[in-house]
Amino acid sequence: MRAPAETPNRTTEEIVADIAVELGDDPAIKANIRSMVKVVRDLKDLSPMVGNRRANAKFAKQVLKQIDELEKLFANPPDGAVLEMLFASKQSLQSLPIDPSVERAEAVAWEAETWRQDWLGSLRTRCEWIITDKIGESGNIGNKQRKAAIAARGLCKMAGKPLAWSSPTSAYRKVASLLYEAMTGEVDQLERACEWVAEMDTDAK
């Protein structure tokens, strides 16, 4: 649950000092903490790189519908080599006037059909992957909370601290909360964000 910081408008050095208590009062660690505080502040308002899970799935479903429409359209093209012009390489098309044989025309048509099928098949597979694997961030965990938890993971890894997300008194949870405070001026326990990062951490598995 977010709330205003107990000591509002704390300085960067005060927050850095509190994080250093959890990670070790070492000059090198303090320098890394200061750098990470700057990073989270710079990234605070950026959208998540992988987008929102629900929005991604909705868009992927719309793309699948368009793929179905394209396949219907390509199944009934106008007379002429329009599909070849769309999908065959320019090099192959430029060779047709030089070698206008049936064999050459069939080779260009085969190339166009193969490229078209590969392109649509790859796009369809990628859309289905986005939907099935639920690619994207869940709206149940805030983007800023995730960023603070990810940054805390990096600092804890440097200091050799475990990602003990379930304990509010662990170094990981405290560092994440302090980074969130540095980023937003608010206090948050970040349990769900820390759990999400810990579960995604391949180094811990």
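The values are calculated or read from the model by the stated rules, or taken from the named source; none is laboratory data. What you are looking at is a predicted structure, and each value in this text was computed from that prediction instead of being measured. Glycine also receives a Cβ, built like all others from the backbone with ideal geometry; neighbour counts cover every protein chain displayed.
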Checklist entry - In segment 70-84, is there at least one residue being closer than 30 Å to Val197 by Cα and in contact (Cβ under 8 Å) with a residue 40 or more places away in the chain? => result no
Item to check | Lys157 of a type in the set (Lys, Arg) and assigned to a loop (DSSP other than H, G, I, E, B) | outcome: no
Checklist entry - Name the residues in segment 22-44 that are under 20 Å from Glu186 (Cα atoms) and among the basic types (Lys, Arg), would you? => result Arg34, Lys38, Arg41, Lys44
Next on the checklist: Tell me whether segment 39-52 contains one or more residues that are free of Cβ contacts under 8 Å to residues at least 60 places away in the same chain, among the basic types (Lys, Arg) and either exposed (fewer than 15 other Cβ atoms within 10 Å of the Cβ) or outside any helix (DSSP H, G or I) (or both).
Outcome noted: no
Checklist entry - Can you name the condition, by its number, that Thr169 falls short on among (1) in a loop (DSSP other than H, G, I, E, B); (2) under 25 Å from Ala55 (Cβ atoms)? => result (2)
Item to check | Of all residues making up segment 7-27, the number that are more than 30 Å from the chain's Cα centre (by Cα) and of a type in the set (Gly, Ala, Ser) | outcome: 2
Next on the checklist: Criterion first (part of a helix (DSSP H, G or I), in the same structural domain as Met183 (by TED's automatic domain parsing) and β-branched (Val, Ile, Thr)) does Val63 satisfy it?
Outcome noted: no
